[in-house]
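Each remark here refers to the structure printed beneath this line.
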Amino acid sequence: MTVREKYEQWLGNTYFDDDFRDELRAIENRPDEIDDRFYRDLEFGTAGMRGIIGAGTNRINEYIVRKATQGFANFLLERDREVLKGKFKKSVAIAYDSRRKSYEFALESALVMAGNGIKAYLFDGVRTTPELSFAVRELGCIGGIMVTASHNPPEYNGYKVYDETGCQLVPHLADALIEHVNQVTDFEQVKRLDKKSALAEGLFKIIDEEVDLPYIEMVKRVSIRPELLKNSTLKAVYTPLHGTGGATVKRVLKEMAFSNLIEVSSQMAPDGEFPTCKKPNPEEYEAFEVAIEYAEKHGADLVIATDPDCDRIGLLVKDQNVYRVLNGNQIGTLFMAYLLSSRQDLTPEHYVVNTIVSSDLAKRQAEHHGVRLVQTLTGFKFIGEQIEKDEPHFVMGYEESYGYLFDPHVRDKDAVMGTLIAIEMAEYFKQNGYSLLEKLEEIYQEHGYFIEETISKKFEGKEGHSVMLSIMAKFRENASDLIEFKRSIDFLKDDTGLPKSDVLKYYLEDHSWFVLRPSGTEPKLKIYFSIQAETQEKAKQKLEYYKSLIVEKVIS
């Protein structure tokens, strides 16, 4: 079927409501727009699906959400019958963020689950991704759904799914789910109850404090030195970037008696248009523009931003009269230093988890403190999987992409916990005569200088996707003609002990390396650099050299 034929089929389908078909009718004479909306089906991948909101097969909309949820329902019912064998409630927890259409997509998900005899617990308002993960476990569900597009621009939304452990699906489960989703080829296959019927049959329930309260109590228990927060002199500016984190973070810190939180008032309310924030992504310095104004006004020590679904956290620290950004690895390094030096119960069986694209400094820190470091593929689901294997000895997990976790009752990254620990850590080091930058420098002097950077190259649309695939093929087949390296790992072909993944890692001199990896959630190719040297200046020089050399090879 051609793109035009797909478009005509959707335009004439009376299953869709009038507004939806009017949107399609409005692009009738725009062939480029039709091509972009219909050249492919929005892919349900290993991390769920994420796309631009709108009518079309390559868009996310209520009908695509219905089909995906039907596939997920089929997957859950089969898993409940054959694997779980009734150990959990035949139910799912559903949460949503502040984006356009998030509530509508969450409600559609709930009504399709109800139509399949699976009770849907839907939150009464926006909630964070980590609380959704917690809710799955707290309520004994067989799965969960989070409607979010994380830090993407306003025109995007997305749909993430969770198993009974509160973890996003690892590859073998994701593959099985994708097969079920792909088998839903017609909208008529979707089973859906209306809200009134779902309520009457006991298959739909709104949830609120019954999950909020135990989640917040769990987060508070993460604190190692709660007394520090009660009398803290630290000034911390906080912004949720118009996302879900504001109310929860404020509540946790208030109950911990921390009184020096400076809220970025213009960004505290959830708003999917992100009106005061160019990029709602704490990985980007631009996201802190408004927060820095507050920090300068109040002389804050620390600036904290959480992304729209509050699973990632970014930090700026005061350095004389300016605010310096900490990258995701540096934040992880500081968290490790604080936790591992503070806990007195650690044994050689305890472990920290990070990923194959995270800093190797973590290995030296773990060895220094007598614990294990476990490395996984990129994606917090793999960290969650590791926790499931050995929950009692878990200390913390982190990704270089600003995701951190300190308690196994959640199986996804948690920026509420991250905010609490960041403030407590900064206060502790301050009382011991260190700023966070000074503590980081001490760690480097002890273990060597590590510097990391991630560069993302966008490849949007049909043509861009093809270009990205060709770049990976070029390096996979001819890397030695493009760059000098000591050794390489192809995580798609080599036996690494990890699941197969489209990732290429090249080791350079002095244990430095770079990685090529297509993003699992965005049309981007990511290039990760990790450089090690004797001094900070040498590390920076090496990084600039390899960046100029390798990035040119990628885009040429």
Which of (1) in a helix (DSSP H, G or I); (2) within 27 Å of the chain's Cα centre (by Cα) is the odd one out, the single condition Ile206 does not satisfy? (1)
Residue tally, condition part of a loop (DSSP other than H, G, I, E, B) and within 20 Å of Asp175 (Cβ to Cβ), over segment 42-59: 5
For segment 231-247, state whether one or more residues are surrounded by 22 or more Cβ atoms within 10 Å (Cβ to Cβ) and at pLDDT below 95. yes
Can you find even one residue in segment 143-154 that is over 29 Å from Pro499 (Cα atoms), touching a residue at least 12 places away in the same chain (Cβ under 8 Å) and crowded, with 24+ Cβ neighbours inside 10 Å? no
Of these, Leu111, Leu122, which one is buried (at least 19 other Cβ atoms within 10 Å of the Cβ), over 17 Å from Lys191 (Cβ atoms) and at pLDDT 95 or above? Leu122
Scan segment 377-413 residue by residue and report those that are in a strand (DSSP E or B) and either outside the structural domain of Asn329 (by TED's automatic domain parsing) or more than 15 Å from the chain's Cα centre (by Cα) (or both). Phe394, Val395, Met396
Could you count how many residues in segment 349-376 are assigned to a strand (DSSP E or B), farther than 21 Å from Ser512 by Cα and not aromatic (Phe, Trp, Tyr)? 2
Filter segment 34-57 down to residues that are of a type in the set (Asp, Glu) and more than 21 Å from Thr378 (Cα to Cα) and give me whichever is farthest from the chain's Cα centre (by Cα). Asp35
Pair list, Cβ under 9 Å, 6 or more apart: segment 107-135 residue assigned by TED's automatic domain parsing to the domain that holds Thr244, other residue outside any loop (DSSP other than H, G, I, E, B): none
Collect the residues in segment 179-211 that are closer than 24 Å to Val410 by Cα and surrounded by fewer than 20 Cβ atoms within 10 Å (Cβ to Cβ), keeping them in residue-number order. Lys205, Ile206, Ile207, Asp208, Glu209, Glu210
Just for segment 437-495: of the residues that are of a type in the set (Phe, Trp, Tyr) and either part of a loop (DSSP other than H, G, I, E, B) or at pLDDT below 90 (or both), which one is surrounded by the fewest Cβ atoms within 10 Å (Cβ to Cβ)? Phe485
Residue list for segment 160-176, filter: within 26 Å of Leu241 (Cα to Cα) and either in contact with a helix residue (DSSP H, G or I) (Cβ under 6 Å, 6 or more places away or on another chain) or assigned by TED's automatic domain parsing to the domain that holds His409 (or both): Val161, Tyr162, Gly166, Cys167, Gln168
Is it the case that segment 496-514 has a residue that's without any contact (Cβ under 8 Å) to a residue 12 or more places away in the chain, closer than 30 Å to His447 by Cα and of a type outside the set (A, V, I, L, M)? yes
Checked segment 125-160 for anything of a type in the set (A, V, I, L, M, F, W, C) and modelled with pLDDT of 95 or more; matches are Val126, Leu132, Phe134, Ala135, Val136, Leu139, Cys141, Ile142, Ile145, Met146, Val147
Of the conditions (1) out of contact with any strand residue (DSSP E or B) (no Cβ under 8 Å at 6 or more places or on another chain); (2) assigned to a helix (DSSP H, G or I); (3) of a type in the set (Gly, Ala, Ser), the single one that Ala110 does not satisfy is (1)
Of the conditions (1) closer than 30 Å to Val249 by Cβ; (2) charged (D, E, K, R); (3) without any contact (Cβ under 8 Å) to a residue 40 or more places away in the chain, Glu43 satisfies every one except a single condition; which number is it? (1)
Does any residue in segment 196-219 that is closer than 15 Å to Phe123 by Cα come within less than 9 Å, Cβ to Cβ, of a residue that is loosely packed, with under 12 Cβ neighbours inside 10 Å and of a type in the set (Asp, Glu) six or more places away or on a different chain, and which pairs are these? Ile206/Asp124; Ile207/Asp124; Asp208/Asp124
Tell me, please, whether a residue that is at pLDDT below 95 and polar (S, T, N, Q) can be found in segment 370-384. yes
From the list Val317, Val352, which residue is closer than 13 Å to Glu399 by Cα, out of contact with any Cys (no Cβ under 6 Å at 6 or more places or on another chain) and modelled with pLDDT of 95 or more? Val352
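The values are calculated or read from the model by the stated rules, or taken from the named source; none is laboratory data. Note that this is a predicted model, so its numbers are computed, not measured. When we count neighbours, we look across all protein chains shown, and the Cβ atoms used for this are built from the backbone with ideal geometry, even at glycine.
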